[in-house]
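S.K.: The structure's right below; bear with me while I get my questions together.
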Amino acid sequence: MVQLAAEGKENPLVPPWPELVIGLLAFVIVFGFLAKKLLPNINKVLDERREAIEGGIEKAEAAQTEAQSVLEQYKAQLAEARHEAARLRQEATEQGTALIQEMRAEGQRQREEIIAAGHAQIEADRKAAAHSLRQDVGKLATDLAGKLVGESLEDHARQSRTIDRFLGELEEKAEAVR
Amino acid sequence: MSADPTQVLAFDPSCHIFQSNGCGFEGPGLHSFLFEPLWGDTNGLYFNKPMLLALLGSIIIVGFFWAAFRKPKLVPGKFQMVAEAGYDFVRRGIVYETIGKKEGEKWVPLMVSIFFFVWMMNLWSIVPVAQFPVTSIIAYPAVLALVVYVIWMSLTFKRHGFVGGFKNLTGYDKSLGGVLPLVMTIEFFSNVLVRPFTHAVRLFANMFAGHTLLLLFTIASWYMLNGIGIAYSGVSFVMVIVMTGFELFIQAVQAYVFVLLACVFIQGAVAEHH
């Protein structure tokens, strides 16, 4: 060991200076490129990437918030629409009921009107029939009586008075029977 | 031990066990770490294989990061992703963990450079044809340790002034009372003198030992490749494979430890003295 130390070149712990220089040079090459150019390069990109990711997250959060608010809005609108529909339905039902009621009342009224009109018509017809009947019966009776007594009872005034008197008696009899 | 400084191959390939030519087993030794210069003269300027590997390694690291980080993309490709993972490992896993994010940010480039430089130099150990860890030559770890040491010392005195820096380095603490001088002496010795030395030697010795082991089993595999020795050779070769895997692990660990220690030194310098 003493011998080795004395020889210098043989001692593995004594560095020869050309190797120190080359070692330093080699390291400086690496350090120079990495520190001056390449690592700042990648740092910039790493920062950009972080910002991009953070920006992306922020954007996503904003989008989510917006989506949430839009959803709320839609829900509110939907609820409102449902409410409105229910209200309309209710109204329509009420209106329908009222309409039916009204129509029923109208029908009732018309029916009664028609019945009343019918009654009046029947009454009028009866009266006209009775009147016509009376004339016809009077005429028949006069004709018959004329033929029987042989004399013309064509004197209208007399004839009419006699018939009326006769028919009046008949009606009175009918009234009395009824 | 034959100390032939010009030896290129780690052993004599013509020599086998059970041969009658009288040659014996030549184990690896210091001579395995000495290289005939590729250019120049060992007494003056010269250029040898470790130097070549060191420069080549630098170019590989720069090339790798150049390809990955020259035009980095927001959405990284596979290559950039791998480089980013390595970068992030040193930045978060070592620097932020020890020095802290605020103080540490400034030292990230240095630590990343040291980490990948050391790792690459270690990796040469198992790269075919190269097969020599540059860091098993003391000059390379020494240079790195020196860089860290200079930064550490200047930072200490810049932060705390001369007296404060001295107190920081010697672990000055009034409450120690009588033993304070002794503690300060030990701390000064440990911090200022021993630390840089052990910092460099830890890496150097690990790689030196690792390479020696690999050589030992490799040479033995070849040497015993004769007659019945083939069985032993097989065992030895299995060990070569195992040790290569182990070295791969140790190389990364040593790079990690080297950078971790550098960070701890700097953290000590920027920290308020306790």
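S.K.: So, B:THR98, is that one surrounded by 17 or more Cβ atoms within 10 Å (Cβ to Cβ), over 28 Å from B:PHE249 (Cβ atoms) and of a type in the set (S, T, N, Q) or not?
M.R.: no
S.K.: How many residues does the stretch B:171-207 hold that are assigned to a helix (DSSP H, G or I) and more than 22 Å from the chain's Cα centre (by Cα)?
M.R.: 16
S.K.: Which residue, of B:ILE137, B:ILE99, B:ILE94, is over 26 Å from A:ARG49 (Cα atoms) and either in contact (Cβ under 8 Å) with a residue 40 or more places away in the chain or in contact with a Gly (Cβ under 7 Å, 6 or more places away or on another chain) (or both)?
M.R.: Of B:ILE137, B:ILE99, B:ILE94, the one residue that is over 26 Å from A:ARG49 (Cα atoms) and either in contact (Cβ under 8 Å) with a residue 40 or more places away in the chain or in contact with a Gly (Cβ under 7 Å, 6 or more places away or on another chain) (or both) is B:ILE137.
Residues checked against (1) in contact with a helix residue (DSSP H, G or I) (Cβ under 6 Å, 6 or more places away or on another chain); (2) at pLDDT 90 or above; (3) surrounded by fewer than 23 Cβ atoms within 10 Å (Cβ to Cβ); (4) under 23 Å from A:ILE22 (Cα atoms):
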position	(1), (2), (3), (4)
B:ALA145	yes, yes, no, yes
B:GLY165	yes, no, yes, no
B:ILE186	no, yes, yes, no
B:PRO196	yes, yes, yes, yes
B:ARG202	no, yes, yes, yes
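S.K.: Given the condition surrounded by 15 or more Cβ atoms within 10 Å (Cβ to Cβ), under 20 Å from B:LEU144 (Cβ atoms) and out of contact with any Cys (no Cβ under 7 Å at 6 or more places or on another chain), answer yes or no: does some residue in the stretch A:38-47 qualify?
M.R.: Looking through the stretch A:38-47, at least one residue is surrounded by 15 or more Cβ atoms within 10 Å (Cβ to Cβ), under 20 Å from B:LEU144 (Cβ atoms) and out of contact with any Cys (no Cβ under 7 Å at 6 or more places or on another chain).
S.K.: Of the residues that sit in the stretch B:61-75 and are outside any helix (DSSP H, G or I) and surrounded by fewer than 17 Cβ atoms within 10 Å (Cβ to Cβ), which one is nearest to the other protein chains (Cβ to nearest Cβ)?
M.R.: Looking at residues that are outside any helix (DSSP H, G or I) and surrounded by fewer than 17 Cβ atoms within 10 Å (Cβ to Cβ), I get B:LEU74.
S.K.: Would you confirm whether or not the stretch B:150-173 contains a residue that is within 14 Å of chain A (Cβ to nearest Cβ) and among the hydrophobic types (A, V, I, L, M, F, W, C)?
M.R.: Yes, that holds for at least one residue.
S.K.: Another question, then. Filter the stretch B:147-163 for residues that are of a type in the set (Val, Ile, Thr) and within 17 Å of A:LEU24 (Cα to Cα); which is surrounded by the most Cβ atoms within 10 Å (Cβ to Cβ)?
M.R.: The qualifying residue surrounded by the most Cβ atoms within 10 Å (Cβ to Cβ) is B:VAL148.
S.K.: Let me confirm something: among B:GLY210, B:GLY234, B:GLY245, B:GLY268, which residue is under 30 Å from B:ARG159 (Cα atoms), of a type in the set (Gly, Ala, Ser) and assigned to a helix (DSSP H, G or I)?
M.R.: B:GLY268
S.K.: Something else about it: Would you mind telling me which numbered condition in (1) away from chain A (no Cβ under 14 Å); (2) surrounded by 21 or more Cβ atoms within 10 Å (Cβ to Cβ) B:ILE138 fails?
M.R.: Status for B:ILE138: all satisfied but (1).
S.K.: What helices (runs of 4 or more DSSP H), lying completely within the stretch B:76-135, carry at least 1 residues that are in contact with a Pro (Cβ under 8 Å, 6 or more places away or on another chain) and within 11 Å of chain A (Cβ to nearest Cβ)?
M.R.: Output list reads B:78-88, B:108-123.
S.K.: Take B:VAL127 and tell me if it is more than 30 Å from B:PHE246 (Cβ to Cβ) and within 19 Å of the chain's Cα centre (by Cα). Full working, then the answer.
M.R.: Details: more than 30 Å from B:PHE246 (Cβ to Cβ): no; within 19 Å of the chain's Cα centre (by Cα): yes.
No: the conditions fail for B:VAL127.
S.K.: Which condition breaks for B:VAL253 when tested against (1) over 21 Å from the mean Cα position of the chain (by Cα); (2) free of Cβ contacts under 8 Å to residues at least 12 places away in the same chain?
M.R.: Only one criterion is unmet by B:VAL253, namely (1).
S.K.: Let me ask something else. Just a yes or no: is a residue in the stretch B:201-211 of a type in the set (Lys, Arg) and farther than 30 Å from B:PHE89 by Cα?
M.R.: Looking through the stretch B:201-211, none of the residues is of a type in the set (Lys, Arg) and farther than 30 Å from B:PHE89 by Cα.
S.K.: If you don't mind, another one. From the list A:ALA62, A:ALA52, which residue is within 7 Å of another protein chain (Cβ to nearest Cβ), free of Cβ contacts under 8 Å to residues at least 24 places away in the same chain, more than 16 Å from B:ALA68 (Cα to Cα) and surrounded by fewer than 18 Cβ atoms within 10 Å (Cβ to Cβ)?
M.R.: Testing whether each residue is within 7 Å of another protein chain (Cβ to nearest Cβ), free of Cβ contacts under 8 Å to residues at least 24 places away in the same chain, more than 16 Å from B:ALA68 (Cα to Cα) and surrounded by fewer than 18 Cβ atoms within 10 Å (Cβ to Cβ) leaves just A:ALA52.
S.K.: Before we move on, is B:GLY177 surrounded by 16 or more Cβ atoms within 10 Å (Cβ to Cβ) and of a type in the set (Gly, Ala, Ser)?
M.R.: Values: surrounded by 16 or more Cβ atoms within 10 Å (Cβ to Cβ): no; of a type in the set (Gly, Ala, Ser): yes.
Answer is no for this residue.
S.K.: So, in the stretch A:12-48, exactly how many residues are β-branched (Val, Ile, Thr), within 19 Å of B:ILE59 (Cβ to Cβ) and within 7 Å of chain B (Cβ to nearest Cβ)?
M.R.: So the count comes out to 3.
S.K.: Take the stretch B:209-244 and flag every residue that is under 16 Å from the mean Cα position of the chain (by Cα) and either surrounded by fewer than 21 Cβ atoms within 10 Å (Cβ to Cβ) or β-branched (Val, Ile, Thr) (or both). Write out each step before concluding.
M.R.: Step one: filter the stretch B:209-244 for residues under 16 Å from the mean Cα position of the chain (by Cα), giving B:209-212.
Residues satisfying the conditions are B:ALA209, B:THR212.
S.K.: So which of B:ILE99, B:ILE151 is farther than 16 Å from B:VAL257 by Cα and either of a type in the set (Val, Ile, Thr) or in contact with a Leu (Cβ under 6 Å, 6 or more places away or on another chain) (or both)?
M.R.: Of B:ILE99, B:ILE151, the one residue that is farther than 16 Å from B:VAL257 by Cα and either of a type in the set (Val, Ile, Thr) or in contact with a Leu (Cβ under 6 Å, 6 or more places away or on another chain) (or both) is B:ILE151.
S.K.: For A:GLU48, are the conditions met, namely being under 30 Å from B:MET111 (Cα atoms), part of a helix (DSSP H, G or I) and modelled with pLDDT under 95?
M.R.: Judged against the criteria, A:GLU48 is a match.
S.K.: Also: Taking the stretch B:11-54 as the search range and keeping residues that are under 26 Å from A:PRO18 (Cβ atoms) and among the acidic types (Asp, Glu), which one is nearest to the other protein chains (Cβ to nearest Cβ)?
M.R.: B:ASP41
The values are calculated or read from the model by the stated rules, or taken from the named source; none is laboratory data. Computed from a predicted model, the values in this text were never measured in an experiment. Because the Cβ atoms are built from the backbone with ideal geometry, glycine has one as well, and the counts that use them run over all protein chains shown.
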